[in-house]
Each structure stands twice: as structure tokens, then as C-alpha cells.
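Here the structure is laid out as C-alpha cells; the discussion comes afterwards.
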Amino acid sequence: MASSRLLTSIVLMSVLMTACSGLETAARPDNADAVAATGQSLFAVEIKVGPNWDNARAPNEQAFFAEHAANLRGLREAGHIVMGARYSDIGLIIFTADSADQVRKLMSKDASMTAGTFRYEIHALNVFYPGLVQRAPAKQTR
């Protein structure tokens with residue numbers, strides 16, 4: 001049980017690191033005001049391991065893992081992914097889109113989702129304390 005949770009955590013961290021790599025150069029809104037100016041809405045997409053996750057395989061050896069990483073990279077480059085994070089055993093991607101249906105269509109193109117390696121839930125995200133989430137500055141070494 002503990003090794004399964006650890007593996008799940010490692011997988012989700014790996015997925016989100018892939019989704020967030022290069023985030024600072026992607027075309028994306030910097031805050032809720034910028035998103036509002038586009039007329040689009042924000043959506044929280046929770047990603048969890050799916051029914052066809054194979055506990056005997058490493059995360060990068062899972063079915064359709066490479067395609068999943070490529071899909072997230074493409075969504076980020078297209079400006080749909082605002083940010084990605086992880087909490088507990090759940091991956092969290094914040095999307096900007098016209099509707100939940102648009103997010104669903106984008107996520108349905110992910111081979112790992114349709115194959116059941118991962119599963120996702122979409123939630124409307126209503127920002128009431130706008131702000132900017134950014135990476136902490138790198139620590140200087142001497």
C-alpha cells in the first residue's frame with residue numbers, strides 16, 4: 001500500500017514536471033486579470049492514476065506516457081495550461097479555455113486518458129483572490 005502511494009506520487013510529480021518544464025516561456029496569462037481580458041475561463045483539472053495503471057511498471061514505462069507528456073507540452077505551448085502543481089497523490093493543471101466542454105475535448109485527445117492510464121476531473125475555477133503564482137528564485141551558491 002505504501003509503495004503504491006509512493007509510486008503514484010512519483011508518477012504525478014513526473015507528469016507535472018513534464019507539463020511545467022519551460023512554463024516561463026510558454027504563451028500564457030500571468031494572472032486572473034489577463035485571463036479575464038481574453039474572455040476565457042479558468043478550470044482546474046485534477047489528474048489521478050487510472051484503472052489501467054500498472055503498479056509493476058515505472059512511471060515512464062506506463063502505456064502512453066510519452067504521448068501524455070507530448071500532449072501536455074502541446075497544450076502548454078498553445079497557451080491552454082496556465083500552471084501545473086501536485087498535492088497529495090493528485091496532479092493539478094489549471095487550464096484557460098472557453099468552456100468545460102473545450103477542456104474535455106482537449107483532454108480527450110490525450111492517449112493516456114482514453115487508455116485508462118490516467119483519469120481526470122474538470123472543475124470550474126472561480127478566482128476570488130487574484131494573484132500571481134511563480135517559481136521561487138534560484139538560490140545562489142558561493
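Observations
- Counting Lys and Arg as +1 and Asp and Glu as -1 over every other residue whose Cβ lies under 14 Å from the Cβ of ALA100, the net charge comes to -2.
- Other residues with beta-carbon under 11 Å from the beta-carbon of ARG119 carry, at +1 per Lys or Arg and -1 per Asp or Glu, a net charge of -2.
- Rounded to whole Å, sorted largest first: equivalent-ellipsoid semi-axes of the stretch 31-134, Cα gyration tensor: 26, 14, 12
- Net charge of neighbours whose Cβ lies under 12 Å from the Cβ of ASP110, counting Lys and Arg as +1 and Asp and Glu as -1: +4
Every read-out reported here was derived from the displayed coordinates using simple, explicitly stated rules and does not represent laboratory data. On a predicted model such as this, the values are computed, not experimentally measured, just so you know. Note that we place each Cβ from the backbone using ideal geometry, even for glycine, and neighbour counts take in every protein chain shown.
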